[in-house]
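Enquirer: Questions regarding the structure given below will be posed in turn.
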């Protein structure tokens, strides 16, 4: 395979404006002539944003000649996934953007084709979940909320995304860790982040769960208070303890990554892993990650596959307890 | 006034030639996608998102503002001329607007829609400029219980669109409600009425049903009738300008529509369908010519179209002041902000004030550009009806199909489009109105989900709907609207019935 | 096909009434297939769909009864709205056009699908020259493809999958 030298990367970066204007005239020999990027979600969503960011970074780093995008949205990726598996089987230059939502959706809908049917290439970014309350809430700390939950979980309404999604699963895991029955959760599902945020800052619910970036601005403006984060470590620059620190053994994060079709050979797989590794090292990618405030959790190939298998098993167990699988 | 100064600063940026050009381009593009059935502003802006890597933020948002408002103006055109609304919000406009067009009054219908859009869009933008923080606080007081009460209120307003027969109108409503429940249940994650089809897990797309029943159904019906052989499908006589009478009958509905539309747009689950429906209901009730409704009453075009555009301005309020997207388009604009590394939120006005005020200024400018663009176009649009029907309807069918296919890249959607086209044909033939079906599709899920959310919060206590003051008042208004007309007519009849009886006794 | 489009005198409304019964029945079966959630709710996922199905069932009864009594209007019986002779043939042309679009769109591309579909639709609306319809259809499809796929970025695939003359560059 072509190795990417630092010099070549610099040339690529300096030629970025030109490359953008004439996408097929990258000077450095690209790693792939073209990449078929399959997004199992509508344009404008999180997976689409990841795919477009990969395109932008790859082009300015001169890694790829050109991109073809295809968006097939629906049901947490479950409409697009079978299409990708059938149509791109054995194609060495096809990629699918997916993530933890796809794991849960496959289990909840009992889909015949799931994330297990594609070839894991790399995990790119992740975002930890946060537990927040309205600014006016009587719950000042996690302990206050924990005590209220232990007293009567049904009296503590918690807002989040659709049932069976990452927010709901986190609540289920929390109740289990507090030795409560996850089925007693008073979970209020909202479609789209906007409606859930409005319900939380309007004081319509006791608490809310979502990814940190959804709530960050509300917290900064003093309309919401964060009580705990679900990641392994604290979020840099955010003075909120992790659940582990608070004595609740729960970690969860919403990750995004890329997958190849089934039926590709070892050489094709390695080429895609090399490409993703080169992308992750490029300055253009680092700039985008910093600008979007994503956290870089790059993990490629077999190591990623192993983590994914564990993630699927954990999600399945949590969903069973919530009565969703 | 610091708000005023900031706004002037926004105008200074937005009027720079390089940026203004993006605004004009956005208005053109928006009008175009509004006119084309099946592609709306949300999809268009989403497709333009990759440009965020190349175009500076100010220019980009001015472009988006143009597309957003432009699509609202353009959407009414196809609704009025060929009864093919591309978005649920313009469906109500189609009801009276298309009847006007059939009577040879396409010009005035388009003109009242364009001027009403301008008036309401400008009122909405002024309200956005000066009152956003207060309106947003009120909007936040709306919880699930209030949304449930609001959808009950809207169900009462459905009575105004049931058409010639209550039975047939209710049939359309029931089919719509059933369609609205298809897909994964938000509260429990269970698939409902999907019959194993993965394509149905996210529910039935309202746009597909709308374009199928209206555009495809209408084409099937007209082909079956075969009346085009005589010449025109529609009368083309009549002036394209608004008469004095038209102005007199339009200005109040414009203002009422704006007053209804703006607050609904600001509600996190409001949307533009509810205010257009309520505006139509109000105009039908208040009109001095109620007998004209269903035959082409200009109030029925002016009010809902104004409500639609004012709600478009309202939607931007929670987006800009709180960072909360309340419509598909707002969600895509939000991700454009994120593309520039800007997190819209309560601090956006202070941290990115230059950008925000440029965006708001461009909304004022966009409204003016669109009025200047659309009024002269009225004459040109009306000429569309001179196209021989074989080319016009063949074109509409091809465009509708291609748009639906392109939006989802799915032949399943195309199949649904055609199936709903056949349903639309049968409904036309049997005089079953289409509007209640679409309204049911939108109201059913809103009523169900908000009711269940409210009951989870209240731990299953139904009293929550009566004990919350806002929800209780909304339900009281709904009850009053339902009972009052009957009560009034009973009281009017009662003395007349009594007097002969008392005469007899004497 | 040709018979049901021509029939009048209550038969179409009665058929529609039966169709409504079928739709309501599909709703009832669908509701019964919704798994009972383990979490108990005041209003579960079944209640409102069940209510809508039953509502439709009652309305279907009312409609069918009205249809039998001849109280349901049918445009075919309305002197102003009734179709001219040949309605079935025109309907068939139109449905053929829809079938052509559906069959060709994803396989041969919008160029062929749009041209053939347009010509068949034009035929349904009484076009006199098939050649002219094909030509206009081709130009129209090309314009739509350029506008949607090339200008707006709504992905429609290559204009024609045969040969690479018109593929997206």
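Enquirer: Within 10 Å of each Cβ in peptide C:148-158, how many partner chain Cβ atoms are there on average? Round it to a whole number, please.
Expert: 6
Enquirer: Please state the shape class of chain C: rounded when a/c is under 1.5, otherwise prolate if a/b exceeds b/c and oblate if not, all from the C-alpha gyration tensor.
Expert: It comes out oblate by the Cα gyration axes.
Enquirer: For the stretch B:364-383 and the stretch C:97-152, what is the centre-to-centre distance using only Cα atoms, to the nearest Å?
Expert: 30
Enquirer: Return one number: the angle in degrees, 0 to 90 and rounded to the nearest 10, between the long axis of the Cα atoms of helix A:301-321 and the longest principal axis of the Cα atoms of chain A.
Expert: Orientation of helix A:301-321: about 30 degrees from the principal axis.
Enquirer: Just subtract the alpha-carbon distance of residue A:191 and residue A:144 from 0.36 nm times their residue separation and send over the number in nm, one decimal.
Expert: Full-extension gain reported as 14.1 nm.
Enquirer: Now for a different question. Expected output is a single nm value to one decimal: the length gained when fully extending between residue B:243 and residue B:350, i.e. 0.36 nm times separation in residues minus the C-alpha distance. What is it?
Expert: 33.9 nm
Enquirer: Mind pulling the angle between the C-alpha long axis of helix A:142-151 and the longest principal axis of chain A? Nearest 10 degrees, somewhere in 0 to 90.
Expert: Its long axis makes an angle of about 60 degrees.
Enquirer: Cα centroids of the stretch B:7-59 and the stretch A:205-279: how far apart, whole angstrom?
Expert: The stretch B:7-59 and the stretch A:205-279 have Cα centres spaced 33 Å from each other.
Enquirer: Something else now. Report the calculated FRET efficiency for residue A:91 and residue B:419 (r = Cβ-Cβ distance, R0 = 22 Å), to the nearest 0.05.
Expert: 0.10
Enquirer: Same structure, new question: Which of A:69, A:139, B:4, B:131 comes first, and how do the rest follow, when ranked by fewest Cβ neighbours within 10 Å?
Expert: Ordered by Cβ neighbours within 10 Å, fewest first: B:4, B:131, A:69, A:139.
Enquirer: Now for a separate question. With a ≥ b ≥ c the root eigenvalues of the C-alpha gyration tensor of the stretch A:230-325, is it rounded (a/c under 1.5), prolate (a/b larger than b/c) or oblate?
Expert: Cα axes put the stretch A:230-325 in the oblate bin.
Enquirer: Now, a different point. So for the pair residue C:81, residue A:110, with labels modelled 7 Å out along Cα→Cβ, what separation do we get in nm?
Expert: About 4.5 nm separates the two model spin labels.
Enquirer: Moving to a separate point now. Be a star and scan the stretch A:208-227 for residues whose amide nitrogen sits under 15 Å from the point 7 Å along the Cα-to-Cβ vector of residue A:245.
Expert: Only A:226-227 fall inside the zone, counting backbone N under 15 Å.
Enquirer: For the Cα atoms of chain C, what angle does the longest principal axis make with the long axis of helix C:47-68, in degrees from 0 to 90, nearest 10?
Expert: Roughly 90 degrees, rounded to the nearest 10.
Enquirer: Here is a follow-up. Taking chain A as a Gaussian network, Cα atoms linked when under 10 Å apart, which of A:138, A:30, A:236 shows the biggest mean-square fluctuation?
Expert: A:236
Enquirer: What does the structure give for B:457-463 when I average, per residue, the other chain Cβ atoms found within 10 Å of the residue Cβ?
Expert: 4
Enquirer: Per residue of A:76-83, count partner chain C-beta atoms within 10 Å of its C-beta, then hand back the mean as an integer.
Expert: 3
Enquirer: Would you mind ranking B:105, B:486, C:132, A:225 so that the residue whose beta carbon has the fewest other beta carbons within 10 Å leads the list?
Expert: Placing the least packed residue first, the sequence is B:486, C:132, A:225, B:105.
Enquirer: Rounded, prolate or oblate for the stretch B:2-489? Axes are the square roots of the Cα gyration tensor eigenvalues, ordered a ≥ b ≥ c, and the cut-off for rounded is a/c under 1.5.
Expert: Because its axes are fairly even, with a/c under 1.5, the stretch B:2-489 counts as rounded.
Enquirer: Sort B:264, C:121 by Cβ crowding within 10 Å, fewest neighbours at the top.
Expert: B:264, C:121
Enquirer: Which FRET efficiency value, to the nearest 0.05, is calculated for residue C:47 and residue A:29 with the Förster distance at 45 angstrom and r the Cβ-Cβ distance?
Expert: Result of the calculation: an efficiency of 0.10.
Enquirer: To the nearest 0.05, how large is the calculated FRET efficiency for residue A:295 and residue B:488 if R₀ is 51 Å and r is the Cβ-Cβ distance?
Expert: It comes to 0.20.
Enquirer: Quickly work out the residue A:314-to-residue B:24 label distance, labels modelled 7 Å from Cα along the C-beta direction, and quote it in nm with one decimal.
Expert: That separation, rounded to one decimal, is 5.7 nm.
Enquirer: Which of these, C:51, C:119, C:133, has the largest mean-square fluctuation under a Gaussian network model of chain C (Cα springs below 10 Å)?
Expert: C:51
Enquirer: Just to be sure I understand: with springs between alpha-carbon atoms less than 10 Å apart, which residue in A:271, A:56, A:195 has the highest mean-square fluctuation in the Gaussian network model of chain A?
Expert: A:195
Enquirer: Would you mind pulling out the separation of the Cα centroids of the stretch B:134-188 and the stretch A:100-159, in Å?
Expert: So the two Cα centres are separated by 30 Å.
No lab work stands behind these numbers, since they all come straight from the coordinates. Please read all numbers here as calculations on a predicted model, not as lab measurements. Glycine gets a Cβ as well: all are built from the backbone with ideal geometry, and neighbour counts include every protein chain shown.
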